[in-house]
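Please read the structure below before turning to the comments.
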Amino acid sequence: MCEPEGVRLLLYTHPACWEHDTGGWHPERAARLDAAIAGVHRSALQVVEREAPEAPIEALCLVHLPSHVARIRDFCLAGGGSLDPDTVASPGSWDAALRAAGAGLAATEALEAGEGDAAFLAVRPPGHHATPSRPMGFCLFNNIGVTAASLAQRGQKVAIVDWDVHHGNASQDMFYLRRDVLYISTHEFPFYPGTGWIDEAGKGEGEGFNINIPLPAGTAGDVYEEAWVRIVLPVLQEMQPDWILVSAGFDGHADDPLANVNLREPDYGRMACRLSRLASGRLVFFLEGGYELEAISASVAATLDGVGGEFPDLTGAESPPRARHMVQVALSQAAQHWDIG
Ligand SMILES: [Zn+2]
């Protein structure tokens, strides 16, 4: 057990997030929110429901160009359509995107005020591919980036832990030159969006504060365990961030139709339990990807039960040999900047 019982979870969402209409075929659909929220209520945590407020434009502009914000607004309000081959928007997407970006700002304020022990943001559109200047990969604004930048502006040290199966290219780019926001990601590689190789390690002041652990298709919980024990956890322990923000995608689940990693619910529980031990009261989960509804629901429940102290056993699933090798290579890179290995 990692944490005492009775953990209070702040659940942020807003009806506007259902009105981001991606059409009848798109995997990033409103039913994902229903699945995530069902998962929240399947967990044993005490849940306090909150409405996500709109992010102020100034907060969006901490990580996005004003021209990007204006383009998204104008495009949505003019009726929407396709922003790129993957990314679509509808008239309702503007309010949804503002709420999705505002949820993290409200959640961190509420946690600072002692109103809960952790927060889960059931919001869409997701965020970690949205760059300063363009929407990308189902994302309009970088929700986790907005919150991280806002906390950093107030002198807080932030770690972004990205366990979505895709690399968060935009989160990496936004903080690449900075040491007050660490970005650390496990992701399938090679895979969309193509970034996330080991030598992308930050630059200047930020050197060493960007850590990529790219993993081959077929990687399962055994090698995630190794990556966490050997890299993720020791780095977080050394950094001692004030906040841990999680890009919590559930598309690394074995049943997810868009990717090829083989995580199961207990693997999410183990990761979440360990984070809760490191950042009790300063832990926020941002819903990113995840496209199989039951996998989302069960994985969200396992994540939150992990926050509540449950530390499930490994499933026994085995990764291809190359996966373990990639952890070793990522460790060698990270050990140039951190006292690990
Ligand atoms: Zn993803």
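Yes/no per residue for (1) assigned to a helix (DSSP H, G or I); (2) over 30 Å from L33 (Cα atoms):
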site	(1), (2)
Y291	no, no
E294	yes, no
D305	yes, no
E318	no, yes
R322	yes, yes
H325	yes, yes
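Among the residues of the stretch 156-163, is there at least one that is outside any loop (DSSP other than H, G, I, E, B), free of Cβ contacts under 8 Å to residues at least 40 places away in the same chain and β-branched (V, I, T)?
Within the stretch 156-163 (the criterion being outside any loop (DSSP other than H, G, I, E, B), free of Cβ contacts under 8 Å to residues at least 40 places away in the same chain and β-branched (V, I, T)), the answer is no, since none of the residues qualifies.
Taking the residues in the stretch 1-17 that are surrounded by fewer than 17 Cβ atoms within 10 Å (Cβ to Cβ) and over 19 Å from A113 (Cα atoms) as candidates, determine which candidate is modelled with the highest pLDDT.
Checked the stretch 1-17; the qualifying residue modelled with the highest pLDDT is P15.
Pull up the stretch 106-125, narrow it to residues that are over 17 Å from the mean Cα position of the chain (by Cα) and in a helix (DSSP H, G or I), then point me to the one that is surrounded by the most Cβ atoms within 10 Å (Cβ to Cβ).
Among residues in the stretch 106-125 that are over 17 Å from the mean Cα position of the chain (by Cα) and in a helix (DSSP H, G or I), the one surrounded by the most Cβ atoms within 10 Å (Cβ to Cβ) is L111.
Does the stretch 272-290 hold any residues that are over 17 Å from V158 (Cβ atoms) and surrounded by fewer than 24 Cβ atoms within 10 Å (Cβ to Cβ), and which are they?
Answer for the stretch 272-290, where residues must be over 17 Å from V158 (Cβ atoms) and surrounded by fewer than 24 Cβ atoms within 10 Å (Cβ to Cβ): C273, R274, R277.
Scan the stretch 272-295 for residues that are out of contact with any strand residue (DSSP E or B) (no Cβ under 8 Å at 6 or more places or on another chain), within 16 Å of the ligand (Cβ to nearest atom) and not small (G, A, S) and report the count.
Total satisfying the criteria: 2.
Scan the stretch 129-142 and tell me whether some residue there is open to solvent by 40 Å² or more (accessible area, probe 1.4 Å), away from the ligand (no atom under 16 Å from the Cβ) and over 23 Å from D199 (Cα atoms).
Taking every residue of the stretch 129-142 in turn, at least one turns out to be open to solvent by 40 Å² or more (accessible area, probe 1.4 Å), away from the ligand (no atom under 16 Å from the Cβ) and over 23 Å from D199 (Cα atoms).
Taking H167 and the conditions (1) in a loop (DSSP other than H, G, I, E, B); (2) closer than 23 Å to G269 by Cα; (3) open to solvent by 10 Å² or more (accessible area, probe 1.4 Å), which numbered condition does it fall short on, given that it satisfies the others?
Of the numbered conditions (1) in a loop (DSSP other than H, G, I, E, B); (2) closer than 23 Å to G269 by Cα; (3) open to solvent by 10 Å² or more (accessible area, probe 1.4 Å), the odd one out for H167 is (3).
If A55 satisfies all but one of (1) assigned to a strand (DSSP E or B); (2) open to solvent by less than 10 Å² (accessible area, probe 1.4 Å), what's the number of the condition it fails?
The number of the failed condition is (1).
Residues in the stretch 239-249: is at least one open to solvent by less than 10 Å² (accessible area, probe 1.4 Å), closer than 26 Å to P321 by Cβ and within 16 Å of the ligand (Cβ to nearest atom)?
Yes, some residue in the stretch 239-249 is open to solvent by less than 10 Å² (accessible area, probe 1.4 Å), closer than 26 Å to P321 by Cβ and within 16 Å of the ligand (Cβ to nearest atom).
Assess whether A259 counts as being within 19 Å of A227 (Cβ to Cβ), surrounded by fewer than 24 Cβ atoms within 10 Å (Cβ to Cβ) and in contact with a His (Cβ under 8 Å, 6 or more places away or on another chain).
The answer is yes for A259.
Six or more apart or on different chains, Cβ atoms under 8 Å: show the pairs whose first residue is in the stretch 74-89 and of a type in the set (A, V, I, L, M) and open to solvent by less than 80 Å² (accessible area, probe 1.4 Å) and whose second is modelled with pLDDT of 95 or more and in a strand (DSSP E or B).
Close Cβ pairs satisfying both conditions: L83/A89; V88/G81; V88/S82; A89/G81.
Does any residue of the stretch 126-144 turn out to be within 25 Å of A31 (Cα to Cα) and part of a helix (DSSP H, G or I)?
yes
The values are calculated or read from the model by the stated rules, or taken from the named source; none is laboratory data. All values derive from a computational prediction rather than experimental measurement. When we count neighbours, we look across all protein chains shown, and the Cβ atoms used for this are built from the backbone with ideal geometry, even at glycine. SASA here: full protein model, heavy atoms, side chains in, ligands and nucleic acids out. Shrake-Rupley method; radii C 1.70, N 1.55, O 1.52, S 1.80 Å.
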